[in-house]
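Report on the following structure.
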């Protein structure tokens, strides 16, 4: 698989389909880090492990590069979905972006509890079956119980938050400027933990229709908050209600923005567990 | 040019997380976490994520500056070096070599610290070299050195995740060492019990199974009560003590005077709680003790460290994985600055200056006569400025904010014949300098830092320095050569080889071996893989030593005039004197100004509301700050972070010293609060 990725990358550079290839490089002493390959000769040192999300880097690279610069990105399924969302949201010009799609291993898919561990445009490797995250014990446990029980459980977990902003910074599609989380009206400054409702749930809801389930937020969390579980249930609700999954169809806009007047009613699009956020549940 | 990505190490705290700097057109434009880093594994705290923000700040020093009257004028490097050398030499010639002092830096690399202490020791035949470890973990270096033979964290950070019981004393790791807090939570997720001892209800305490809110400065009573109960219940590790320890009978005898009842009374907590945590710690398979400034920054700081070590050794919770004693080091390279001998009593590798064999070894290696008399500490050098100390060379330290009783520090700095400050910004201290030398920051240099788990890590240069600024490495070499020494070094790697030849524990450290994940000392030869935990089978000093902890209550207690306990420390968005963090927009947005925490009942009594301006006064001075009303502090206590130049908490702190390690009692003093009129802030 690696050889194939290198061949494609070399071809892209040799035939000038792209000006650079964003991927991982294994340099001297086996150090792996992101790198932009600009000559075919460099490509020998390209590697594809470990999982290292590049979509957000790709966006910033394209933003600051000269006009017309075309960038190819080595993408896993989640990276491809993130790039698709970024294009949809006018953060990346489609014409300047190429992808080299690689499939994740089964092991990686289980580690990420990923249900689509492959890109739609698969260039190298064989797609393995995904994992149903809702059958995983950890997710089941986090989403189990009635409203108040869930509220307590999540409040307990979220009070670990050290407010590093890593979840936001690492999220490939968290791109708003200014960011609501930096608005002192919503999020009190100078204090940890961050407020559960105003920090974590603003973030979670804001991403409800763009989250591509890459798990970058959770991986960047220094205090092991299972942020992916928070996000997955919203993603699932959009799938159930509207048959919509962020990052799959480049043409289809978010139903939260465009389908509000269609059936079913908007209220039903919200996952039932949000009731648990109301401290004094009326029921 | 497309951007470059450079792996390096975070410049803030002693955890030493891995960063990937994104460099565009010669500028560091953003920071990403390093997914492959052995400690941080793709995570960072708010400061790490913002590490690039101060690098290209417009206020960076770009040329050497000389004081002319009340202002600074630019001068050339040649003139600056000549002036520095002239003045240092003049002080030494007129008043003797001991009239010169150097403050090395826990922000600088190992190689720079090594060269700095070598220069001071060789050129002036004095041991007047110290650094800010004096203000944070000097008691650890001394106390753990006495009990175990090594003043460093016994285990690795990742060991915490495997512990069954973690006792955290006087550490707000969630704000000060956030990535280590993550390892502790991993242990919690596996069922471990976390016990927090802290007068403040910190975020760490909020997330603990048990929080013991003891009276300020009563750590020894607590630990003694716990140890007494452990012995009474027969929960101590008899076999371990017999095989590996000395001094048990003395300790046991001493603990007779600390029944749990007395301990509980002194600490202001319930007896049952002491028994419960003692049993939890003693009965767990693997127990760890994590501590920080809450233990060390007391007039009995060294004794506090003795007590912590005693507890671990009493239960045999040391010298194996997932257990041990974890002093969390403050600065990115404070471990390294100590290791490199930037201390007045030891050469690199903690080799005593008063040992004649050691002196001979270094005299032979360096080719100069050296002094056997231990030098002055940070606080002593500043205290004797204008008297014994006439010329002071400060490399990247900011005592005008970081040292206790700041008003007195400023008076002292003014008394010096000559003050050289080498830094990246015109710090509060640099303003007092006669000569300011522009140095470079972490992103502009190559070298090594040693993190809190003894890991040598490689720093990689990402961008060029601003203007004419030079690396500390180069500046030291220029000055040393101008002083008549032979410092021919071209690359820090050469210095590391010299260090390796002089310190057996670092014998195997080479730059090319650090590229991937660094190496944890001891690492005696180039085939050695480094050491994950210390004291396996045998303590570094041979047999471990129980030391009876000599308890002294806080020097100042609240009284009618100063009715509050004042506690100082850090908050999560800023770092120490704020030289870097307060110039980082994102961090400054998070916390733009000073504040002090006070309890709602105290606030109500004083008619103080959230955000009101208050004046805090101690016997040494006063500051005006904003009130933050919270139950995080106990009734009768105030907490003030020390980052803010406009309200320097260290104006208030007590300079009384621990007699052994000479650390000041930053953590406790008496203070009063008055409400200030809410007018526009004065400048």
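Throughout, read-outs are computed from the coordinates displayed, never taken from laboratory work. Bear in mind that the values here come from a model prediction, so they are computed numbers and not experimental data. With ideal geometry, Cβ positions are generated from the backbone for all residues, glycine too; neighbour counts draw on all protein chains shown.
Using the count of nearby Cβ atoms within 10 Å as a rough guide to exposure, how do A:207, B:235 rank from fewest to most?
With the fewest neighbours first, A:207, B:235 line up as B:235, A:207.
With everything on Cα atoms, drop me the angle between helix A:227-242 and the longest principal axis of chain A, reported from 0 to 90° to the nearest 10.
The angle comes out near 90 degrees.
Need one value for A:156-167: mean number of C-beta atoms belonging to other chains within 10 Å of its residues' C-beta atoms.
Neighbouring Cβ atoms belonging to other protein chains average 6 per residue here.
Evaluate peptide B:31-42: per residue, the Cβ atoms of other protein chains within 10 Å of its Cβ; return the mean as an integer.
4
How would you classify chain A from its alpha-carbon gyration tensor, with a ≥ b ≥ c the square roots of the eigenvalues: rounded for a/c under 1.5, else prolate if a/b is greater than b/c, otherwise oblate?
prolate
Calculate, axis by axis, the spread of Cα positions in chain B along the three principal axes, and write the results as whole Å, longest axis first.
Principal axes ranked by extent give 69, 66, 57 Å for the Cα atoms.
Given the C-alpha atoms of region A:134-277, compute the convex hull and give its volume per residue in Å³.
123
With a Förster radius of 35 Å, plug the Cβ-Cβ distance of residue B:645 and residue B:209 into 1/(1 + (r/R0)^6) and report the FRET value to the nearest 0.05.
0.35
Please give the calculated 222 nm ellipticity per residue for chain B, where each DSSP H segment of at least 4 residues contributes -39500 (n - 2.57) and the sum is spread over every residue; nearest 500 deg cm²/dmol?
-8500 deg cm²/dmol
Using only the alpha carbons of region B:482-554, what is the convex hull's orientation-averaged projected area in square nanometres?
Convex hull of Cα atoms, orientation-averaged projection: 10.0 nm².
Once the Cβ-Cβ distance between residue B:73 and residue B:261 is put in as r, and R0 is 51 Å, what FRET efficiency do you end up with, to the nearest 0.05?
The calculated FRET efficiency here is 0.15.
To the nearest 10 degrees, how steep is helix A:147-158 against the longest Cα principal axis of chain A, on a 0 to 90 scale?
50
For the pair residue B:387 and residue A:69, what calculated FRET efficiency results from E = 1/(1 + (r/R0)^6), where r is the Cβ-Cβ distance and R0 = 45 Å, to the nearest 0.05?
0.10
For region B:564-675, give the share of DSSP beta bridges that are antiparallel, in percent and rounded to the nearest 5; count only bridges with both residues there.
65
With a ≥ b ≥ c the root eigenvalues of the C-alpha gyration tensor of region B:154-327, is it rounded (a/c under 1.5), prolate (a/b larger than b/c) or oblate?
oblate
Would you list B:144, A:151, B:181 from fewest to most Cβ contacts within 10 Å?
Ordered from fewest to most neighbouring Cβ atoms within 10 Å, B:144, A:151, B:181 come out as A:151, B:144, B:181.
Within 10 Å of each Cβ of B:169-182, how many other protein chain Cβ atoms are there on average?
3
Going out from 0 in 5 Å bins, what whole percent of all Cα-Cα distances in region B:341-381 drops into each bin?
Using 5 Å bins, I get a P(r) of 6, 26, 32, 24, 8, 5, 0 for region B:341-381.
Which angle between 0 and 90 degrees, to the nearest 10, do you get for helix A:55-64 versus the longest principal axis of chain A when only C-alpha atoms count?
Taking Cα atoms only, the helix is inclined about 60 degrees.
Going by the alpha-carbon gyration tensor, a ≥ b ≥ c the square roots of its eigenvalues, is region A:2-131 rounded (a/c under 1.5) or, if a/c is not under 1.5, prolate (a/b greater than b/c) versus oblate?
Oblate is the answer for region A:2-131, as a/c is 1.5 or above yet b/c matches or exceeds a/b.
Please list B:413-422, B:376-385 highest first by mean number of surrounding beta-carbon atoms within 10 Å per residue.
Packing order, densest peptide first, comes out as B:376-385, B:413-422.
Looking at the protein assembly as shown, send over the antiparallel percent of its DSSP beta bridges, to the nearest 5.
The antiparallel fraction comes to roughly 50 percent.
Given q = 0.06 Å⁻¹, what are the Debye log10 I(q)/I(0) values for the protein assembly as shown, with equal point scatterers placed on the Cα positions and solvent ignored?
Each listed q corresponds, in turn, to -0.44.
Restricting to chain B, what percent of DSSP beta bridges are antiparallel, rounded to 5?
The answer is about 50 percent antiparallel.
Please arrange B:617, B:653 by counting, for each residue, the other beta carbons lying within 10 Å of its beta carbon, fewest first.
Starting with the residue having the fewest Cβ neighbours, the order is B:617, B:653.
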